[in-house]
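Visitor: Mind looking over this structure? Questions follow.
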Protein chains: 2
Amino acid sequence: MDTKTKILNAAENLFADKGFTGTSLREITSAAEVNLAAVNYHFGSKKELIKALMKRYLDVLSPELQGSLQRVMEDNENLTLEQVFEAFVEPLLTLNQLKEQGTSNFLQLLGHSYTDSQGFLRWFITTNYPGIIDNFVMAVHKAYPELSSQDMFWRLHFTMGTAVFAMSSTSALIDIAQNDFNAEVDIEGVIRRLIPYVAAGVGANTVVAG
Amino acid sequence: MDTKTKILNAAENLFADKGFTGTSLREITSAAEVNLAAVNYHFGSKKELIKALMKRYLDVLSPELQGSLQRVMEDNENLTLEQVFEAFVEPLLTLNQLKEQGTSNFLQLLGHSYTDSQGFLRWFITTNYPGIIDNFVMAVHKAYPELSSQDMFWRLHFTMGTAVFAMSSTSALIDIAQNDFNAEVDIEGVIRRLIPYVAAGVGANTVVAG
DNA sequence: TGTCATTTTAAACGCATGTTTAACTTTAGC
DNA sequence: GCTAAAGTTAAACATGCGTTTAAAATGACA
């Protein structure tokens, strides 16, 4: 395996676990068993390494997700919000194929993208992959046309917060849940519990201001 | 105003805006116009400063909130989830009285408590103010008795994530919303939009596993 | 007024971080 | 086999951080 890939793989696991700012280049290069300077030589900087890591996933996810959302919009005459959110599951789970073993860390990484690093990755994603958000808004609008654009704005951000927060703390929560309930839980299980929650939240009745 | 209070006030605003790890003691002491060493002299360490800051709010909020939740549980025979979440609003807004002007930064601080600093404040709050969570769980259970303890666990964490994330990015989102909709939004407005969302999320129908 | 505790101050300490340097090693092409 | 590019390495650099130190200033009180 070449140095670049070794770094990417080691960085992915460490970043997912401890966040971007919580992981040092020395930890990464030590786990990857390469020299410290290799990150700057191959990627230029830590920021560029993070971008490259996210790009590896987003370049696969983005077309998959847009296709999935478009399919669910075309097929259904009476589209429900649950169906919209369900459209995320399959594309997300196919990301696991990117890793030769185990499940991908993309969702945890996405979580840290929002909470770490003063949101520079938030900018990176929204400017480089705007199609994801656009299609999502369109699908939600089709499933719930009465929702005003202002309510749409807030509820989508609430939803993003819910998902992102759940994903960035997934490993800790799964540990607690398994101790408390003796029930095995994996990332897919969390996603499947998340869907009815956010679907109901986005689909809640709106109240008249007053 | 004495040095201790000057530090607390400056720290509160900076922490709320940029997070705990994102704010240095040098920024704080510079904004407070006190010497750098003053923080360690008066509080002992940065961690203790953060604790003191949260304590200033939690000592007021905790009894208020427990009272509010107990009141809403006693009065209502057919308690709804909306009512449970509504019970948070008044106690939270009374926190503004702690500041001589403007709205309190408590919710933003609470947001950062979860995302910053590898969750040491999460521990601090849950161990020092367990009554808040207990009463909350009891109220939700009364409003939605069919919810299994496992679903309760996940949905409460989703809810916490939603609220915390919304609050920690409130200032950024409010700016965007005001530009896009020309509508004035404040923290109370965000809370009032949040309530139907999380109430619907927690109250969503549960699906049988499979 | 003199004394002692409290507070403030400027400077330095120790440490960890991302990054850069310059020498060294490996690789590929002719 | 030589050469030039590509890659690797150990060391140092520059910066920012929380914290500590010891001297100076301030305050309270006899």
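Visitor: Residue A:205 is checked against (1) at the interface with chain B (Cβ under 9 Å from one of its Cβ atoms); (2) in a helix (DSSP H, G or I) and fails just one. What number does that condition carry?
Guide: (2)
Visitor: Moving to a separate point now. Got a number for residues in segment B:76-89 being at pLDDT 90 or above and farther than 15 Å from residue B:193 by Cβ?
Guide: Residues that pass the stated criteria total 7.
Visitor: Within segment A:22-33, is even one residue under 17 Å from residue A:164 (Cα atoms) and free of Cβ contacts under 8 Å to residues at least 40 places away in the same chain?
Guide: For segment A:22-33, residues under 17 Å from residue A:164 (Cα atoms) and free of Cβ contacts under 8 Å to residues at least 40 places away in the same chain: absent.
Visitor: Determine the pairs where a residue that is under 14 Å from residue B:26 (Cα atoms) and within 14 Å of another protein chain (Cβ to nearest Cβ), located within segment B:39-51, has a partner that is near DNA strand D (Cβ under 8 Å from one of its atoms) and open to solvent by less than 30 Å² (accessible area, probe 1.4 Å) with Cβ atoms under 9 Å apart, the partner being 6 or more residues away or on another chain.
Guide: Hits for this filter: zero, empty list.
Visitor: A further question follows. Among (1) assigned to a helix (DSSP H, G or I); (2) open to solvent by 20 Å² or more (accessible area, probe 1.4 Å); (3) within 24 Å of residue A:103 (Cα to Cα), which single condition is residue A:50 missing?
Guide: (2)
Visitor: Looking at segment A:143-179, which of its residues are at the interface with chain B (Cβ under 7 Å from one of its Cβ atoms) and within 19 Å of residue B:151 (Cβ to Cβ)?
Guide: Result: A:162, A:165, A:166, A:173, A:177.
Visitor: Out of segment A:12-51, which residues are more than 15 Å from DNA strand D (Cβ to nearest atom) and among the aliphatic types (A, V, I, L, M)?
Guide: Answer for segment A:12-51, where residues must be more than 15 Å from DNA strand D (Cβ to nearest atom) and among the aliphatic types (A, V, I, L, M): A:14, A:16, A:50.
Visitor: Here's a follow-up. Could you tell me which of the residues B:36, B:121, B:61, B:93 is surrounded by 14 or more Cβ atoms within 10 Å (Cβ to Cβ) and modelled with pLDDT of 85 or more?
Guide: Residue meeting the stated conditions: B:61.
Visitor: Would you check which residues across segment A:186-202 are among the small types (Gly, Ala, Ser) and either facing another protein chain (nearest Cβ under 8 Å) or under 14 Å from residue A:80 (Cβ atoms) (or both) and list them?
Guide: Hits for segment A:186-202 are A:199, A:200, A:201.
Visitor: Out of all the residues in segment A:1-23, which are in a loop (DSSP other than H, G, I, E, B), under 21 Å from residue A:124 (Cα atoms) and open to solvent by 50 Å² or more (accessible area, probe 1.4 Å)? Can you show your working first?
Guide: Narrowing segment A:1-23 to residues in a loop (DSSP other than H, G, I, E, B): A:1-2, A:19-23.
Filter once more, keeping what is under 21 Å from residue A:124 (Cα atoms): A:19-23.
Listed by number, the list holds a single entry, A:21.
The values are calculated or read from the model by the stated rules, or taken from the named source; none is laboratory data. Not measured: the values here are computed from a predicted model. Backbone-built Cβ (ideal geometry, glycine too); neighbour counts: all protein chains shown. Calculation scope for accessible area: heavy atoms of the full protein, side chains included, ligands and nucleic acids excluded. Shrake-Rupley method; radii C 1.70, N 1.55, O 1.52, S 1.80 Å.
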